[in-house]
Structures are given as structure tokens and as C-alpha cells.
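The values are calculated or read from the model by the stated rules, or taken from the named source; none is laboratory data. Predicted model, so just to flag it, every value in this text is computed and none were measured. Every residue, glycine among them, receives a Cβ derived from its backbone with ideal geometry; neighbour counts consider all protein chains shown.
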């Protein structure tokens with residue numbers, strides 16, 4: 001299983017390495033559809049941890065109960081939130097200031113940057129993280145605090 005289509009979102013595992021959640025434009029994210037998305041993410045991950053790219057551009061609303069759902073641990077090892085507007089940034093900033101994320105989380109307005117940060121390999125053959133990943137992980141941790 002590599003993707004699950006829900007009524008207002010699609011969850012997929014891309015190239016076997018990155019989980020992706022795409023919310024449809026104008027979606028009101030309430031607890032019910034947030035829970036369905038997280039269940040789909042965990043189902044596709046099948047007990048493994050993956051970076052998660054969330055395309056939340058132009059969602060219209062994020063309820064308090066949905067924020068509580070997203071604050072629960074999941075198959076995401078880190079989260080890149082992709083938005084396109086100051087409103088998207090505001091939603092993320094509010095979420096991060098009121099709920100400690102269960103893993104490093106960062107907001108992007110560039111799909112290229114979000115994908116690059118999500119795709120960086122975890123370790124080299126010598127066991128050290130590549131410089132690009134160290135920079136990205138530091139960036140994620142700085143954003144989530």
C-alpha cells in the first residue's frame with residue numbers, strides 16, 4: 001500500500017522514504033479528519049518511522065481538537081509543513097506555540113526546500129550524518145522550540 005485517499009486529503013509513501021499528507025484546498029481540519037489522516041499515516045508506515053511532508057497550503061481552518069490530534073506521536077520522525085501564505089505560517093506558529101510537537105517540526109514556503117530537507121539520508125556509511133542533514137535537523141529543532 002503506497003497511498004490512501006481520504007475525503008479531503010491523500011496520504012502516500014513516496015519512493016519508500018517520505019510520508020506525504022496533502023490537504024485539499026479550503027479544507028477545514030477538524031479532529032475527525034485529522035485523526036483519519038494520522039491513522040492513514042501510521043497504517044502506511046507499518047510500524048516504521050519516516051519524515052513527513054504535510055502540504056497544508058490554503059487550508060481554511062485548524063480546530064483546537066485537530067491540533068491536539070497532531071500533538072500525538074505518530075510514524076513521523078520529523079515533519080516539514082508546506083504552506084504558501086502568511087495565514088499558513090500563522091496557523092503553524094500558533095500550533096507550535098500551544099502544543100509541543102512530538103518530533104522536530106518546521107514550516108516551509110518552498111516545496112523544493114521542504115522536499116530537500118525530507119529526503120536527506122539519515123547517515124553515511126561511516127555512521128555520521130551528512131552536513132546537509134545536520135543543518136536541516138538543527139533547523140528543525142530550532143523551529144520546534
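Just for segment 100-118: of the residues that are in contact with a strand residue (DSSP E or B) (Cβ under 8 Å, 6 or more places away or on another chain) and in a helix (DSSP H, G or I), which one is surrounded by the fewest Cβ atoms within 10 Å (Cβ to Cβ)?
Result: 111.
Scan segment 1-27 for residues that are exposed (fewer than 13 other Cβ atoms within 10 Å of the Cβ) and modelled with pLDDT of 95 or more and jot them down.
5
Might you let me know whether segment 126-136 holds any residue that is surrounded by 16 or more Cβ atoms within 10 Å (Cβ to Cβ) and either at pLDDT 85 or above or under 16 Å from the mean Cα position of the chain (by Cα) (or both)?
Scanning segment 126-136, I find at least one residue that is surrounded by 16 or more Cβ atoms within 10 Å (Cβ to Cβ) and either at pLDDT 85 or above or under 16 Å from the mean Cα position of the chain (by Cα) (or both), so the answer is yes.
So which pairs qualify, if the first residue must be in segment 32-54 and surrounded by fewer than 19 Cβ atoms within 10 Å (Cβ to Cβ), the second must be outside any helix (DSSP H, G or I), the Cβ gap must be under 6 Å, and the two must be at least 6 apart or on different chains?
If the second residue must be outside any helix (DSSP H, G or I), the pairs left are 36/6; 42/74; 42/75; 45/75; 49/75; 49/77.
Filter segment 108-120 down to residues that are at pLDDT below 90 and touching a helix residue (DSSP H, G or I) at 6+ places or on another chain (Cβ under 6 Å) and give me whichever is farthest from residue 57 (Cα to Cα).
My answer is 120.
Being loosely packed, with under 11 Cβ neighbours inside 10 Å and modelled with pLDDT of 80 or more: is that true of residue 92 here? I'd like the intermediate steps shown before the answer.
Values: loosely packed, with under 11 Cβ neighbours inside 10 Å: no; modelled with pLDDT of 80 or more: yes.
Spelling it out, it is not the case that residue 92 is loosely packed, with under 11 Cβ neighbours inside 10 Å and modelled with pLDDT of 80 or more.
Kindly evaluate residue 12 against the criterion of being within 20 Å of residue 118 (Cβ to Cβ) and either part of a helix (DSSP H, G or I) or in contact with a helix residue (DSSP H, G or I) (Cβ under 6 Å, 6 or more places away or on another chain) (or both).
Numbers: within 20 Å of residue 118 (Cβ to Cβ): yes; either part of a helix (DSSP H, G or I) or in contact with a helix residue (DSSP H, G or I) (Cβ under 6 Å, 6 or more places away or on another chain) (or both): no.
No; evaluated as a whole, the condition is false for this residue.
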